[in-house]
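Asker: Pasting in a structure now, in structure tokens, and then I'll have a few things to ask.
The values are calculated or read from the model by the stated rules, or taken from the named source; none is laboratory data. Because the structure is predicted, anything quoted here is derived from the model rather than measured. Quick reminder, even Gly has a Cβ in these numbers, built from the backbone with ideal geometry, and neighbours come from all protein chains shown. When the accessible area is computed, the model is the full protein with side chains, heavy atoms only, and any ligands, DNA or RNA have been set aside. Shrake-Rupley method; radii C 1.70, N 1.55, O 1.52, S 1.80 Å.
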Amino acid sequence: MLTISTQFDSGAIEVVSLADPQDIQLNIRAHQGIHGAAEFAQWFHFRLQGAAGVPLKLRFLNAAQCAYPKGWEGYRVVASYDRQLWFRIDTQFDGQVMTATITPDTNSIYFAYFEPYSYERHLDLLGSAAESEHVQSEFLGYTIDGRDMNLLHITDASSTLQNKKNIWLIARQHPGETMAEWFVEGFLERLLDVDDPVSRVLLAKCVFHVVPNMNPDGSVRGNLRTNAAGANLNREWQTPTMERSPEVFLVRQKMLETGVDLCLDAHGDEGLPYNFVAGSEGNPGYTDKIEQLENAFKASWLATSPDFQTEQGYGKTAKGTANQTLATNWIAQQFGCLAFTIEMPFKDNATLPDAGVGWSGERSKKLGEGVLLPILSVINSL
């Protein structure tokens, strides 16, 4: 007998019919919060049991009604037997229904929109990082569901340099964009590598402030974009409140205390199969210096990572028209600093594709490790 379950961290799917293995009918579940379901669906993560050696056809009936239907074009579902190794399976989208096919090797298989990053792994990441002598963990407050908001402060305390630069990295404002926390994991592993010369120089010159998961409630609930109150955190930066968006309120408050010289906000993009950045050129306070810093940062990343590119992206925003509710725009305007939104694909990286896994958690980690070099390239000019 086939069964599907979702009662685990970030589990989300609605079962319409399991009567026929060749016609498993599913609906992608709407976001869940304290005010009920939101009219927004894209993330899924579920376990299917009882189908070892049985050809399966999974039909996501409401794919065309999801938030980003174009995200299904060229997309392939990820699957795993052990929740450690995730791989892509055959997937088609006809403009209405998304269909995925596989013959499982075992009686238990997991499917997801992208390789999950669990809350337990998040806690493990915080704990392992805090073991370093360079790290101080700070509790900022609670989310709506009562989870901890934690911030890591990272620097070489023995350095005698004055006026260290304040570098911020935040991730998973949109909780289902799990590649963002994989990115942070890679970033932290390299930054805390005592044998890495790039890290040693940066830790001597900077204080890093890192929020690995801006939206732990949405992560556990299985939402793609919203927190427990139904708020899209990356539209809350101008006027956050503790009632609707405590995550942004608490982090923003701390930024105002420390100052910001560079901020990176890690995300995932549903539609574009590329790694790219979006800057703050639409801000009224955008200057020639910030443009020069942006260009230097991107040039360094291009030169050091084949996974990064600048030809494809969101395009330029006219000066003075930037949406100030977005983190990158508000931060760049408030502090007159360099700020980027980093976007990674849910699909594959079309410039360097991998037929087996597409874009993945491990590749996101490698990109996170690599971003230290472009930071190094601009650090003396911030």
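Asker: Can you find even one residue in the stretch 27-35 that is surrounded by fewer than 17 Cβ atoms within 10 Å (Cβ to Cβ), at pLDDT below 95 and within 30 Å of ASP145 (Cα to Cα)? Walk me through it before giving the result.
Answerer: Here is the first cut: in the stretch 27-35, the ones surrounded by fewer than 17 Cβ atoms within 10 Å (Cβ to Cβ) are 34-35.
Keeping just the survivors that are at pLDDT below 95 gives 34-35.
Going one step further and asking which of them are within 30 Å of ASP145 (Cα to Cα), we end up with 34-35.
Within the stretch 27-35, one or more residues are surrounded by fewer than 17 Cβ atoms within 10 Å (Cβ to Cβ), at pLDDT below 95 and within 30 Å of ASP145 (Cα to Cα).
Asker: Output the qualifying pairs, or none if there are none: Cβ atoms under 8 angstrom, residues six or more apart or on different chains, first residue in the stretch 222-241 and at positive phi, second residue among the basic types (Lys, Arg) and surrounded by 21 or more Cβ atoms within 10 Å (Cβ to Cβ).
Answerer: GLY222/ARG29
Asker: Okay, moving on. Just checking: which of the helices (runs of 4 or more DSSP H) contained wholly in the stretch 181-300 hold 3 or more residues that are surrounded by fewer than 21 Cβ atoms within 10 Å (Cβ to Cβ) and modelled with pLDDT of 95 or more?
Answerer: Counting at least 3 such residues, we get 197-205, 246-258.
Asker: Scan the stretch 46-57 and tell me whether some residue there is over 23 Å from THR103 (Cβ atoms), at pLDDT 95 or above and either small (Gly, Ala, Ser) or in a loop (DSSP other than H, G, I, E, B) (or both).
Answerer: First, the residues of the stretch 46-57 that are over 23 Å from THR103 (Cβ atoms): none.
So far as the stretch 46-57 goes, no, none of its residues is over 23 Å from THR103 (Cβ atoms), at pLDDT 95 or above and either small (Gly, Ala, Ser) or in a loop (DSSP other than H, G, I, E, B) (or both).
Asker: Under 6 Å by Cβ, and 6 or more places apart or on different chains, what pairs join a residue from the stretch 56-75 that is under 24 Å from PRO104 (Cα atoms) with one that is of a type outside the set (A, V, I, L, M, F, W, C) and open to solvent by less than 30 Å² (accessible area, probe 1.4 Å)?
Answerer: These pairs meet every condition: ARG59/THR99; GLY74/LYS347; TYR75/LYS347.
Asker: A further question on this structure: Given the criteria within 20 Å of the chain's Cα centre (by Cα), of a type outside the set (S, T, N, Q) and either closer than 16 Å to VAL251 by Cβ or open to solvent by 50 Å² or more (accessible area, probe 1.4 Å) (or both), does PRO116 qualify?
Answerer: Working: within 20 Å of the chain's Cα centre (by Cα): yes; of a type outside the set (S, T, N, Q): yes; either closer than 16 Å to VAL251 by Cβ or open to solvent by 50 Å² or more (accessible area, probe 1.4 Å) (or both): no.
The answer is no for PRO116.
Asker: Okay, moving on. Does the stretch 79-99 hold any residues that are without any contact (Cβ under 8 Å) to a residue 12 or more places away in the chain and either surrounded by 20 or more Cβ atoms within 10 Å (Cβ to Cβ) or not in a strand (DSSP E or B) (or both), and which are they?
Answerer: Pass one, the stretch 79-99, residues without any contact (Cβ under 8 Å) to a residue 12 or more places away in the chain: 82, 84-85, 92, 94.
Result: ASP82, GLN84, LEU85, ASP94.
Asker: Among residues belonging to the stretch 120-168 that are under 18 Å from VAL207 (Cβ atoms), small (Gly, Ala, Ser) and in contact (Cβ under 8 Å) with a residue 60 or more places away in the chain, point out the one that is most open to solvent (accessible area, probe 1.4 Å).
Answerer: SER132
Asker: Just to check your reading of the model, which residue among ARG244, ARG225, ARG190 is basic (Lys, Arg), under 19 Å from ILE34 (Cα atoms) and in contact with an Asp or Glu (Cβ under 8 Å, 6 or more places away or on another chain)? Don't jump to the end; show me each part of the working.
Answerer: Details: ARG225 fails: in contact with an Asp or Glu (Cβ under 8 Å, 6 or more places away or on another chain); ARG190 fails: under 19 Å from ILE34 (Cα atoms).
Criteria check complete, one pass: ARG244.
Asker: A follow-up question, please. Within the stretch 100-168, considering only strands (runs of 3 or more DSSP E) that don't extend past its boundaries, which have at least 1 residues that are closer than 28 Å to PRO345 by Cβ? So that I can check it myself, show each step before the final result.
Answerer: Values: elements: 108-112, 135-142, 148-154.
Of the strands (runs of 3 or more DSSP E) lying wholly inside the stretch 100-168, those with at least 1 residues that are closer than 28 Å to PRO345 by Cβ span 108-112, 148-154.
Asker: Counting only residues that are among the hydrophobic types (A, V, I, L, M, F, W, C), open to solvent by less than 40 Å² (accessible area, probe 1.4 Å) and either under 13 Å from VAL78 (Cβ atoms) or not in a helix (DSSP H, G or I) (or both), how many does the stretch 329-382 have? Walk me through it before giving the result.
Answerer: So in the stretch 329-382, the residues among the hydrophobic types (A, V, I, L, M, F, W, C) come out as 330-332, 335, 337-340, 342, 344, 346, 350, 352, 355, 357, 359, 367, 371-373, 375-376, 378-379, 382.
Those left that are additionally open to solvent by less than 40 Å² (accessible area, probe 1.4 Å): 330-332, 337-340, 342, 344, 346, 359, 367, 371-372, 375, 378-379, 382.
From what's left, either under 13 Å from VAL78 (Cβ atoms) or not in a helix (DSSP H, G or I) (or both): 337-340, 342, 344, 346, 359, 371, 382.
Total meeting the criteria: 10.
Asker: Which of the residues that make up the stretch 301-328 are part of a helix (DSSP H, G or I) and either within 10 Å of GLU281 (Cα to Cα) or open to solvent by 30 Å² or more (accessible area, probe 1.4 Å) (or both)?
Answerer: The initial filter retains those residues of the stretch 301-328 that are part of a helix (DSSP H, G or I), namely 301-304, 327-328.
LEU302, ALA303, THR304 - these are the residues of the stretch 301-328 that are part of a helix (DSSP H, G or I) and either within 10 Å of GLU281 (Cα to Cα) or open to solvent by 30 Å² or more (accessible area, probe 1.4 Å) (or both).
Asker: Among the residues of the stretch 1-39 satisfying the criterion of being of a type in the set (D, E, K, R) and not in a loop (DSSP other than H, G, I, E, B), which is farthest from THR226 (Cα to Cα)? Step through it out loud before you land on a result.
Answerer: Initially, the stretch 1-39 is screened for residues of a type in the set (D, E, K, R), giving 9, 14, 20, 23, 29, 39.
So of that shortlist, the ones also not in a loop (DSSP other than H, G, I, E, B) come out as 14, 23, 39.
Values: GLU14: 19, ASP23: 31, GLU39: 11 Å.
Filtering first and then ranking leaves ASP23.
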